[in-house]
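Beneath this line is the structure, given in structure tokens, with notes to follow.
Please treat every number below as a calculation from the coordinates, not as lab data. Since we're looking at a predicted model, the values are computed, not measured. FYI the Cβ positions are ideal-geometry reconstructions off the backbone, even for glycines, and counts take in every protein chain you see.
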Amino acid sequence: MLRRETGDGQFCPGSEDLRRFRAFTCAGAASLALAGATLFAGGLGDPALAKTPKAKPPATVTTAVRRITESQYRHTIADIFGPDIKVNARFEPERRQDGLLAIGSTDLSVTTSGLEQYFALGGSISEQVMDPKSRDTQIGCKPADPGKPDAKCAREFISTVGQKLFRRPLTEGEISARLTTAERGATLAHDFYSGLQLSLTSLLLAPEFLFRTETAEPDPASPGQYRLDAYSKATRLSFLFWDTAPDAELLAAATSGDLQTPAGLNKQVARLAASPRLDDGVRAYFTDMLQFDQFESLNKDAATYPKFSQAVADSAREQTLKTLVDLLIDRKGDYRDIFTSNETFINRYLASIYKVPFASSQEWTRYTFPQSSERSGILTQVTFLSLFSHPGRSSPTRRGIKLHEIFTCQPTPDPPANVDFSKVQAIQNGTVRTRLIDHMTNEGCSICHQSSDPPGLTLEHFDGLGQLRTTENGLPIDVSADIDGVKFSGAQGLGKFMHDDPNVPACLVKQVYGYSIGRAAGYRDQSYIARETEAFAKSGYQVPALLTAMATSPEFFAVKIPAGVKVASQSDTPTSPTR
Amino acid sequence: MSLRFNRRSMLRGLLGGAGVGLGLPALDIFLDVNGKAWADGTKLPVRFGTYFWGLGLTDTPTGGTRWVPTKKGPGYEITPELASLAPVKDKVSVFSGFRAIGDGRPNVVHWSGHASILSGIAPAVTGSFDGPSFDTRIADAIGSSSRFKSIDISPSGKALSYSTRTGKSFSTPEITPVSLYERIYGEGFQDPNNPNWKPDPKVMLKQSILSAVTDQRQALMADVGTADKVKLDQYFTSVREMENQLELQLQKPEKCEACVVPGRPGEAKKSASIDVVNENNKAMAKLLAMAMACNQTRVFNCVHTPGASETYIAGDSKIYHQYTHDEPTDAKLGYQPMSSKLAGMVMQGFGDFLAEMDAVKEGDGTLLDNSLIMGFSDTGYAKIHSLENIPMLLAGGAGGRHKAGQHISSEGESVTRVSLTAQQIIGAPVGEFGTGAMKTSRPITEVMA
């Protein structure tokens, strides 16, 4: 049962209140019982006012409800309360679809066990925020009497922080619900801050924070059409460029309406792209695209790979992200060079895996792989090589499958269930190439293995952890390949091959688009993707240019009215993208 | 199948078996869960769990089965891959020959089997079910009077659960003994046998956090589409369960004689090797068993190892999954020796799990006697991703409602019959389960008391 809000922001009790009231009294909390009684007295709402008024016109439609990711949660908290706040929790598993968690997360909700985590985490964050040492700065106002409720200061805090968390101004209903909580808590605990702490926890637990709700409103420029409202636009931009909630300036541009004008949009996009915080956005995107979430559960057999540890896994992840930020943002490089560049960064852990000396006194140092290392580009870093291997050995098939899936948007179907495996037998001797020959010639297996294995085999000079080797079972490893008539050899050959594959930049454009809008780019998006890919090429494959071009295009904010929504101003026909 | 009659099968027989499989003992709200049960010792609460392991068991087309007992009915013999169950054999029923039926849908490898068993629907794609998993229905029926409606664990360290209400969002499992311990016995835990119990005022404060959230429900749901509504419904279901959890914490817990609060476990090793997985599994089973004895939860889900299991024998470069596919069938033995060895090791996990539950004395019997655990896998013979003869087991006496210790053999009937049986034994209000060719209203009455 819900409680109904009355016009003056007070509440009349539904059965939920009765239940809670009973609980309070049975627990013998006299003061709380009194508070409960006060609430009851506030009661008797007009049913006509039962529906909470929203700060938007009634013709709006919620077009998406997307659970925020762990890194978006973390970045938002750090932005609002500072980097010292500890966010210590295990987040609910995310789900990859069409290559991206960002797309899969649009299907996700919060399960009971997940809510428990958010509940405990929210409590821990608000406790840190209300720490007596720092709370004055965090809250921004002081109560008249710290032993009592103070509606004025509480309101100020709730609406300020609430706006940052909900990525839009709070409605009166949302504020007054938290004011009630703050008052209740302060009364019960005889402490203003305890009450405010509860309010903050409730904001952190709210679906309006945990989910990105995108809202469409009637488009004044095209009657009958819908457009994304300004706050939803601000949120899309901010999460793409900075992986966090919109900052004050972006929210202000939404409030003023500037963001709905081309000039206002261009100005904000330029600002977002020029900020050093673009690093966060680019890191978040590639963490998703390169499937680094899998590091959480990466296991290596300790006897086979004694050098592997969590520190190695964390370092490897950081190495690739540093490499990408350096190349793509700092040096405004060509995206395709991620497959060929020898420029990278290493730390002590990685130096040991790459078998190179580490002389720096810094934690990380720039490093250029020499030709003899056989390494070039991110495919030859520990990330890709270890992530897509087995615990005790490399896997050309997995590497090949992931290569296609991640970089060229060509997923490999599951192996046919009814394939005749009787001929697929283990061979103890020889190299993995001999073992895989059968897959490549066996009917039923061949169609996929002929595509996945050849590029995977060119990476075979790197074992399941990414360490260089040239023999297996005493035999030299053959790393040559012939793909569609293009002959090359080894990881460096593969890097060059990928660099020149036109599917690679097109795939990036497609995935960045899907990442932003929360659904896979489909057939109807093809011409848009093609246009953006062309522009991307013209820019010299510069990623910041790509982001800017997309974020200022109308398609980036296209609205799709979801099934099951009655649109007030028109029939059931979904609207096409607004231009 | 043998002709056996009892009160339940008679009733069903008379009505032609159509949709009347409603479990007789019904919901536990009809049972005495208010503590009187503990006093007279006759009606202890019944618990339910699912236990999944990856890669099936060995049953080669050449007839070299390593797990299906020869003897049918009661008193089946222990087979090599079921060896770990020997100590509790009389408390376990074995179901062989049941299959997942795709109805034209593809065999989504390492997914269709358990998706069918849990949701009753052959899934369209990997990673999601086309309906809720039935453990959530059981949790709704019996899980409301314990602190947690259900607990999920995944001892292999992969954050994996197959328990879902929406088919898309799956529960978050505990993946280490320490995190499981913290969840159950950490903050918010109330020792049911503490004579000096007092309500914790903090709980009331927590309740007011949730009330602010639920206040906004209507506003939030006003203009959302169908798919988004499902997500928000799930969210608010979670909030309600949280409210229920807090409400229970304000009530004096019933005494639980069998409850002995365990000590904090040590940090676990992190590895997919089978020895480590089994070690963690055992430690977590111990904590979970006590959580049930202490009435913290009545429902659980355990994923011992995932579908395409990455587990392996420490030091061996080849994982179990690879062995199942490319290990040759030994001509003399008639099966894949390493795969079978690994299957036995994986099943050791289930044996250990049941042993931990059987070690908790409760009333005249053990916790296992008052529980029903459905053990199952994703596949039959893993080499060919077979959806036939998927091994399924029902363990525990279910408070006298499970006639355990039998081997039920089928000629390719739907796995959902076993799922339905589990639901009816536990008393969930379900008369029919599954869709299409897997739709059934016929539980396996031989094992129902």
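Which ³J(HN,Hα) values, rounded to whole Hz and listed in residue order, are derived for segment B:158-174 from phi using the Karplus coefficients 6.51, -1.76 and 1.60 in 6.51 cos²θ - 1.76 cosθ + 1.60 with θ = phi - 60°, glycine and proline given as x?
7, 6, 9, 9, 10, 8, 8, 9, 9, x, 10, 8, 9, 4, 8, x, 7
Give me, ordered by chain and number, the residues 5 or more places off A:ASP219 or on other chains with an amide H under 5 Å from its own placed amide H.
Long-range HN contacts for A:ASP219: A:GLY224, A:GLN225, A:TYR226, A:ARG227.
Output ³J(HN,Hα) for segment B:443-448: one whole-Hz value per residue in order, computed from phi by the Karplus curve 6.51 cos²θ - 1.76 cosθ + 1.60 with θ = phi - 60°, and x for Gly and Pro.
So the Karplus estimates, Gly and Pro as x, are x, 8, 5, 4, 9, 9 Hz.
Can you tell me, using C-alpha contacts under 8 Å and at least 6 residues apart, the relative contact order of segment A:292-499 as a whole percent?
About 22 percent, as a whole number.
Which one of A:LEU385, A:GLN319, A:SER361 has its Cα pushed farthest toward the positive end of the charge dipole of segment A:292-499, where Lys and Arg give +1 and Asp and Glu give -1 at the Cβ?
So the residue we want is A:SER361.
Would you grab the residues whose amide H sits under 5 Å from the one on A:SER394? Only those 5+ places off in sequence or on another chain, please, with H modelled 1.01 Å from N.
The list, which skips near neighbours in sequence, is A:GLY464.
Rounded to the nearest Å, what's the spacing between the alpha carbon centres of segment A:94-132 and segment A:449-509? Just the number, please.
Each part's Cα centre sits 38 Å from the other's.
Residues with beta-carbon under 11 Å from that of B:ASN193, excluding B:ASN193: net charge, scoring Lys, Arg +1 and Asp, Glu -1?
Overall, the nearby charge balance is -2.
Just to confirm the number: angle between the C-alpha axis of helix A:446-457 and the first principal axis of chain A, 0 to 90 degrees, nearest 10?
Relative to chain A, helix A:446-457 is tipped by roughly 80 degrees.
What residue among B:LEU368, B:LEU394, B:LEU232 shows peak mean-square fluctuation when chain B is described by a Gaussian network model with Cα springs under 10 Å?
Maximum among the listed residues: B:LEU232.
Based on Cβ point charges of +1 for Lys and Arg and -1 for Asp and Glu, what charge dipole magnitude is obtained for the protein assembly as shown about its Cα centre, in debye rounded to the nearest 20?
In total the dipole reaches around 960 debye.
Could you work out the helix-only [θ] at 222 nm for chain B, with each DSSP H run of four or more residues adding -39,500 (n - 2.57) and the total divided by the number of residues, to the nearest 500 deg cm²/dmol?
-10000 deg cm²/dmol
Please list 3J(HN,Hα) in residue order for segment A:75-87, calculated via the Karplus relation 6.51 cos²θ - 1.76 cosθ + 1.60 where θ = phi - 60°; whole Hz, with x for glycine and proline.
4, 4, 4, 5, 5, 7, 10, x, x, 7, 5, 7, 10
To test your reading of the geometry: what angle, between 0 and 90 degrees and rounded to tens, separates the Cα axis of helix A:192-205 from the longest principal axis of chain A?
50
Which value, in debye to the nearest 20, gives the size of the charge dipole of chain A about its Cα centre, when Lys and Arg are +1 and Asp and Glu are -1 at the Cβ?
The dipole magnitude comes to about 460 debye.
So what's the back-of-envelope 222 nm ellipticity for chain A, counting only DSSP H runs of four-plus at -39500 (n - 2.57) apiece and dividing by all residues, rounded to 500?
After summing the helix terms and dividing by the residues of chain A, the value is -14500 deg cm²/dmol.
Note down the net charge around A:ILE338, summing +1 for each Lys or Arg and -1 for each Asp or Glu among other residues with Cβ under 12 Å from its Cβ.
-2
Assuming a ≥ b ≥ c are the square roots of the Cα gyration tensor eigenvalues, decide whether the protein assembly as shown counts as rounded (a/c under 1.5), prolate (otherwise, with a/b larger than b/c) or oblate.
It is oblate, given that a/c is not under 1.5 and a/b is not larger than b/c.
In which sequence would B:ASP152, A:ASP330 go, from the one with the fewest C-beta neighbours within 10 Å to the one with the most?
Lowest count first: A:ASP330, B:ASP152.
Enter the angle in degrees (range 0 to 90, nearest 10) between the Cα long axis of helix A:396-407 and the first principal axis of the Cα atoms of chain A, meaning the one along which they spread out most.
With both axes taken from Cα atoms, the answer is about 50 degrees.
For B:LYS231, B:LYS361, which order do you get if you count the other beta carbons within 10 Å of each Cβ and list the fewest first?
The order, fewest Cβ neighbours first, is B:LYS361, B:LYS231.
Can you sort A:LYS142, A:LYS133, A:LYS267 from fewest to most other Cβ atoms within 10 Å of each residue's own Cβ?
Sorted ascending by nearby Cβ count, the order is A:LYS133, A:LYS142, A:LYS267.
I'd like to verify something in chain B: which complete DSSP H helices, judged by Cα projection on the helix axis, reach 20 Å or more and average at least 0.0 on the Kyte-Doolittle scale?
Span-like helices, by this rule, are B:201-215, B:274-293, B:337-358.
Given +1 on the Cβ of Lys and Arg, -1 on the Cβ of Asp and Glu, and no further charges, what dipole in debye does segment A:292-499 carry about its Cα centre, rounded to the nearest 20?
480
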